[in-house]
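Worksheet: one structure, shown below.
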Amino acid sequence: MKRLIPILFLLVFGFVLFYMTLPVINYGFVGLPILIIFLILVAIVAFTKIEVVKPANKLRIISTPGKYVYFLLLAVLAYVIIVPILTSLPMFRSDDYQKLIGEVEDGQNLKNHIAPISLDKIRVVDEELAMLLGEKIIGSQPSLGSQTEIGEFTIQKVNDELYWVAPLLHTGFFKWYNNSGGTPGYVMVSATNERDVKLIQNVKGKPVKIKYQPGAFFGSRIDRHVYFSGYATVGLEDFNFEIDDNGHPYWIVTKYKKRIGFAGNDATGVLVVDAETGAIQEYDIANTPLWVDRIQPISFIEEQLNDWGEYVHGYWNWANENKLMTTEGLTLVYGENHKSYWYTGLSSVGKEESAVGFVLVDTRTKEATYYRQSGATEYAAQSSAEGKVQEKGYHASLPIPYLINNIPTYVMTLKDDGGLVKMFAMVSINDYTIVGVGNTMRETLMAYKNVYNMADNGIDPAAVSTKKSFKSVVTRIENDVKNGNSFYYFTVKDYANIFVGSSQLSNELPVTMVGDSINIAFDVDLEEVIDVSSFDNLNIGKKK
C-alpha cells in the first residue's frame, strides 16, 4: 500500500500533465520525452527513502526505485540530447536546411505576384488599429464587453474584400462555464476602410456560437479538441481564425512534419475545424479550399528563408560570401486570382540598411520567387516616411509593398501616439529618398508622383509604368490648394476620366483655359482621377 499510493499519484499527475501539454507522439518531437523525464525525476524523489543516522546525524539512502529507472532516464535523455545532435545539427546537414524552402525562382515580372491596385483597395488598417476599432465596437455593448474579449486578428480575403477578422473569446473559467455553448460571434474590420467595422452575431439568420476556441476549457479548447480527435501524432501549428465567403467561422490548423531529424518544420496540409460544431475536415496542400488564405506558417517560412540565405555556400562560410538574411520580418500581401504571399526584403549579411532584393512566398504552395532589386529595407522606408513629418512625431506602420503605376512602392500609415491614423506615406522600394506624404491617399499619391517625376530617372527605368499620351481639348478646369501646393483638375474632350497636375509639373497649368488644346502624358492605372506626368498647352506654344 505504501508503494501503491506514490504509483497512483504518478499516474494521475502524469495524466494531468499530458492533458495540459498535449505532446506530439511521434519521432522528432521532444514534448513527450521531456514529460517522461520529468515524471522519472518525480518518481526517483518519491521512491527514494532517506534516514538520519545518529549520533552523527548523517543522511543515508536506504531504498531507491531500482536501476532500471535510471537506465530509462539515461535512454530518454540520450533521445532528447544526443539523437537531435546527430540528426539535426546544421554543421552536418546544412545542405538540407538550405534546400528546405524548395527551388527559389528568379522573378522577372512583379505583376505576376503583386497586382496593380486602385487607391481604395490599399491596406490602411493594420492589426493594432483593427484591435482598437474592434474593442470600441465591443465596448459599445456593455453586456457583451463584460462577458467576452476579442481574440487575435487574422487578415484575409472575404468575397474579394480584405478584412481583419477575430473571434470573441471567453474571459475566464466562470464566463465559459456560464456560456459553454460558445461566444456570440466575431468582429470584422475592413483593412481598407477604418469606418467599416462589423460585429457579426448572425449568419443567414442563424446565431453564431464560437464553441471551440483558445479561451475555452476542457474538450472545448480548440487545440485539445483537435488533439483528441485523432491528431495526437501530427505536428499542429497556427490555429488561425478564418471565415468562408458565406461568413461561417472556422479554425485553420496547419499540419507539419519534421524533415531534418528533430528540425526542419514543413507544412503538409491543413485541418479545417468548424468553430461551432467542431467537425474536422482534413486536406492536403493541393486540395485545400480556395477561401483558406494561408497554409504555410509565417514562422516556418521565415526560418526556411534565413536558412536558404545562411547556408548558400554550406556551413563553413566564414567570409559570409553571398550570405543573405531577411530584413524586417514577413508581411502578408495579396496578388491576383485570390493569391496571397509572404513578403520580405533580403539584405547581405553585415549590410542591414540596404536591401539587395525581396522574396515572395506563396502562402499556400510555398513557391518562392526572388526579385533581385536593390533598394530600401522596410526599416529604412519607415525612417524616411517618419522623417518627412518629424515635427509631428508620427510613427510609421509596417510597410506594405504595392505596385503604384508599376513602381514597386512601400505604402504605410503615419499614426500618432494613440495609434490613430493621421497621414499616409508612399516610399519607393528602389530609392527611399523618393517619399510622398498626405492627409488622404490621393493626396499622398500625387505628392509621391511629383517627387518621382522630379527624380529624373533616379531609379530603375524598367520600373516605370506604361505611359499613354494624346492631344485633346480642355472642357473644364478648376484649381485646389493643398498644403501650400496648387493642383489643377481638368477634363478633356472624348475622355471620361478627370486629370490632375500640380503647378510644379508645368507653369502652363495655371494659365490654361477651357477650349485650349493640350498634349498630356500619364501612367496607365486604375484610378478615376489620373495624375498627368507631363502637360503642354499647345495654344500657349502657338502664341510663342
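The values are calculated or read from the model by the stated rules, or taken from the named source; none is laboratory data. Quick caveat: nothing in here was measured; it's all calculated off a predicted structure. No Cβ is skipped: glycine too gets one built from the backbone with ideal geometry, and neighbour counts run over all protein chains shown. These accessible areas exclude ligands, DNA and RNA; they are computed on the full protein's heavy atoms, side chains included. Shrake-Rupley method; radii C 1.70, N 1.55, O 1.52, S 1.80 Å.
Considering only Gly438, Leu414, Leu4, the residue lying farthest towards the positive end of the dipole of the chain is Leu4, judged by Cα position with unit charges set on Cβ. The share of accessible area on segment 395-444 that comes from carbon and sulfur is 56 percent, using a 1.4 angstrom probe. Per residue, the convex hull spanned by the Cα atoms of the chain measures out at 228 cubic angstrom. The mean sequence separation of alpha-carbon pairs under 8 Å and at least six residues apart, normalised by the residue count of segment 198-280, gives a relative contact order of 25 percent.
The chymotrypsin sites (Phe, Trp or Tyr not before Pro) of segment 360-403 include none that meets both criteria, a DSSP state outside H, G, I, E and B (loop) and at most 10 other C-beta atoms within 10 angstrom of the site's C-beta. Pairs to check: Lys258/Lys366; Lys198/Lys392; Lys198/Lys255; Lys392/Lys467; Lys157/Lys204. Give those whose C-alpha atoms are more than 25 Å from each other in this structure. With Cα atoms farther than 25 Å apart: Lys198/Lys392; Lys198/Lys255; Lys392/Lys467.
Taking the helices alone, the chain has a mean residue ellipticity at 222 nm of -8000 deg cm²/dmol, built from -39,500 (n - 2.57) per DSSP H run of at least 4 residues and averaged over all its residues. You can think of it this way: the chain between Ser143 and Lys482 has 117.5 nm of extra reach, that is 0.36 nm per residue less the Cα-Cα gap. Cross-link pairs exceeding 28 Å between alpha carbons, from the set Lys422/Lys449; Lys136/Lys388; Lys422/Lys493: Lys136/Lys388; Lys422/Lys493.
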